[in-house]
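Engineer: Sending over a structure as structure tokens; questions will come in a sec.
The values are calculated or read from the model by the stated rules, or taken from the named source; none is laboratory data. Keep in mind it's a predicted model, so treat the numbers as computed, not measured. Quick reminder, even Gly has a Cβ in these numbers, built from the backbone with ideal geometry, and neighbours come from all protein chains shown.
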Amino acid sequence: MNTYLVGGAVRDALMGLPVQDRDWVVVGGTPQELLDQGYFPVGRDFPVFLHPLTKEEYALARTERNTAPGYHGFAVHAAPDVTLEEDLARRDLTINSIAVCADTTGSRGQFDLNRCELVDPYGGQGDIAAKVLRHVTPAFREDPVRILRVARFAARFTDFTVAPETIALMQQMVLEGTVDHLVAERVWQEVSRGLMEAQPSRMFAVLRDCGALARLLPELDRLWGVPQSAEHHPEVDTGVHVMLVLDMAARLQASLPVRFACLTHDLGKGTTPADVLPRHIGHEERSVRLLKDLCQRLRVPVDCKELANVVAREHGNIHRSASLNAAATVRLLERCDGFRKPERLSDVLLACECDARGRLGFQDAPYPQAARLALALRNALSVATDSIAARAISAGARGPKIGEWIHKARVQAVETGNASGSP
């Protein structure tokens, strides 16, 4: 029985990157042998075990064969006769198909590249040097998730290109309908991880190149070829603008909910009627409707869905908020649910800042709207709502009338803040 360190740990070490997670493959072993050594079984579809001390994953060498459409249609063969080369052949990319024998690693998987022997039957080291993402074998086509993984790696390794033959294979998979069998959870898992990479726009560029974006996110794919609004560079393609916004969010190290909001805030422009182009009148309402369908289809988490909804609906009003009086400002904060969830407003404002700066020539422009609205919320929140409500009740107010008293007090607080020379 021989054990090898495989996959991302070896790849990242070769690229001079920090090694995060370590995966191991066991060749020539059986489940009982690992159980006898104290390993814990965790795999349902194939034999995967956790090391009794490090809790790192150890998988028996295996082969996979597609038996039916979709991610779950696989026959797995894990046995002592499966070779390391056969196990590496089932992996997605050559850069992830390199192994190091455990005998040359430390107790925590450390290894010296100058002293250990790499097992690299598919040319992964050469593709790392050439900065190429290339599929290992034609078996790549059996798992549609690999299309998303290639796109995600393109967003992570921003100076890598996808091999032409890999793009061609992905295009063929799309034409054959392979991506239509992807389950929602896997799509969201890969898309959300790609959104958090260094240059997330590259993920969507790869998905567009192979045709998968139109099948997985048609609402987004429709934005290419649509001019931006008249006041914001109508000569710029809306799809290009959204990618600039998304990369701005990455530059500002925004959270996943903010990045998802940046991705989806302009979906309605892809369905703008021809008679209102390029003004995109009503695109906010259309964006909200499309966003709802997309979130239901991909089962997007609540925090991402709710933030994206606010940004899609209100980003135009937030951009124009410098011209709002105190009463309109408070109404905007109410629509953003700022008084019930004040901590979320900063995320809303960051997404809007990314939208404003995601335009050619505006990448380093200030966004004073964020500071102005944040201060307005602080001033409005300074109102002692309990005492206002008590006064309202003593004056005979009931139900919604009490809310009106609180609203007026908040408007007055914002007005006072504006008068004092606040932004």
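Engineer: Filtering the stretch 371-401 down to residues that are out of contact with any helix residue (DSSP H, G or I) (no Cβ under 7 Å at 6 or more places or on another chain) and closer than 28 Å to D347 by Cβ, which residue is surrounded by the fewest Cβ atoms within 10 Å (Cβ to Cβ)?
Structural biologist: For the stretch 371-401, the residue satisfying everything is D386.
Engineer: Is there a residue being charged (D, E, K, R) and in the same structural domain as F260 (by TED's automatic domain parsing) anywhere in the stretch 364-371? Please lay out each step first, then the result.
Structural biologist: Kept after step one, since they are charged (D, E, K, R), are these residues of the stretch 364-371: 364.
This time we only want the ones that are in the same structural domain as F260 (by TED's automatic domain parsing), so: 364.
Yes, because at least one residue in the stretch 364-371 is charged (D, E, K, R) and in the same structural domain as F260 (by TED's automatic domain parsing).
Engineer: I'd like the full set of residues that are farther than 29 Å from P227 by Cβ and part of a loop (DSSP other than H, G, I, E, B), limited to the stretch 323-370. Talk me through it step by step, then tell me what you get.
Structural biologist: Kept after step one, since they are farther than 29 Å from P227 by Cβ, are these residues of the stretch 323-370: 325-331, 333-334, 337-346.
Listed by number, the residues that qualify are N325, D337, G338, F339, R340, K341.
Engineer: Being hydrophobic (A, V, I, L, M, F, W, C) and touching a residue at least 60 places away in the same chain (Cβ under 8 Å) is the filter here; which residues of the stretch 350-408 pass it? If you could, list the steps in order and put the result at the bottom.
Structural biologist: Kept after step one, since they are hydrophobic (A, V, I, L, M, F, W, C), are these residues of the stretch 350-408: 350-352, 354, 356, 360, 362, 365, 370-371, 373-377, 380-381, 383-384, 388-390, 392-393, 395, 397, 402, 405-406.
Once the filter is applied, which keeps residues that are hydrophobic (A, V, I, L, M, F, W, C) and touching a residue at least 60 places away in the same chain (Cβ under 8 Å), the stretch 350-408 yields L350, A351, C354, L360.
Engineer: Looking at L175, is it in the same structural domain as K292 (by TED's automatic domain parsing), under 20 Å from the mean Cα position of the chain (by Cα) and not charged (D, E, K, R)?
Structural biologist: Working: in the same structural domain as K292 (by TED's automatic domain parsing): yes; under 20 Å from the mean Cα position of the chain (by Cα): no; not charged (D, E, K, R): yes.
Criteria not met by L175.
Engineer: Which condition does I167 not pass, out of (1) crowded, with 21+ Cβ neighbours inside 10 Å; (2) part of a helix (DSSP H, G or I); (3) at pLDDT 95 or above, if it passes all the others?
Structural biologist: Against the list (1) crowded, with 21+ Cβ neighbours inside 10 Å; (2) part of a helix (DSSP H, G or I); (3) at pLDDT 95 or above, I167 comes up short only on (1).
Engineer: Can you name the residue in the stretch 130-164 that is among the acidic types (D, E) and at pLDDT below 95 and is also surrounded by the most Cβ atoms within 10 Å (Cβ to Cβ) among such residues? Explain how you work it out, then say what you get.
Structural biologist: Within the stretch 130-164, the subset among the acidic types (D, E) is 142-143, 159.
Narrowing further to those that are at pLDDT below 95: 142-143.
Details: E142: 18, D143: 21.
The residue in question is D143.
Engineer: Which residue out of P18, P31 is out of contact with any strand residue (DSSP E or B) (no Cβ under 6 Å at 6 or more places or on another chain) and surrounded by fewer than 13 Cβ atoms within 10 Å (Cβ to Cβ)?
Structural biologist: Result: P18 is the single residue among P18, P31 that is out of contact with any strand residue (DSSP E or B) (no Cβ under 6 Å at 6 or more places or on another chain) and surrounded by fewer than 13 Cβ atoms within 10 Å (Cβ to Cβ).
Engineer: For the stretch 151-162, check the following and say yes or no: at least one residue is touching a Ser or Thr at 6+ places or on another chain (Cβ under 9 Å), outside the structural domain of V27 (by TED's automatic domain parsing) and at negative phi. First the steps, then the outcome.
Structural biologist: First, pick out the residues of the stretch 151-162 that are touching a Ser or Thr at 6+ places or on another chain (Cβ under 9 Å): 154-155.
In the following step, the residues that additionally are outside the structural domain of V27 (by TED's automatic domain parsing) were identified as 154-155.
This time we only want the ones that are at negative phi, so: 154-155.
Scanning the stretch 151-162 turns up at least one residue that is touching a Ser or Thr at 6+ places or on another chain (Cβ under 9 Å), outside the structural domain of V27 (by TED's automatic domain parsing) and at negative phi.
Engineer: Just to be sure I understand, how many residues within the stretch 4-30 are touching a Leu at 6+ places or on another chain (Cβ under 7 Å) and small (G, A, S)?
Structural biologist: Result for the stretch 4-30: 2.
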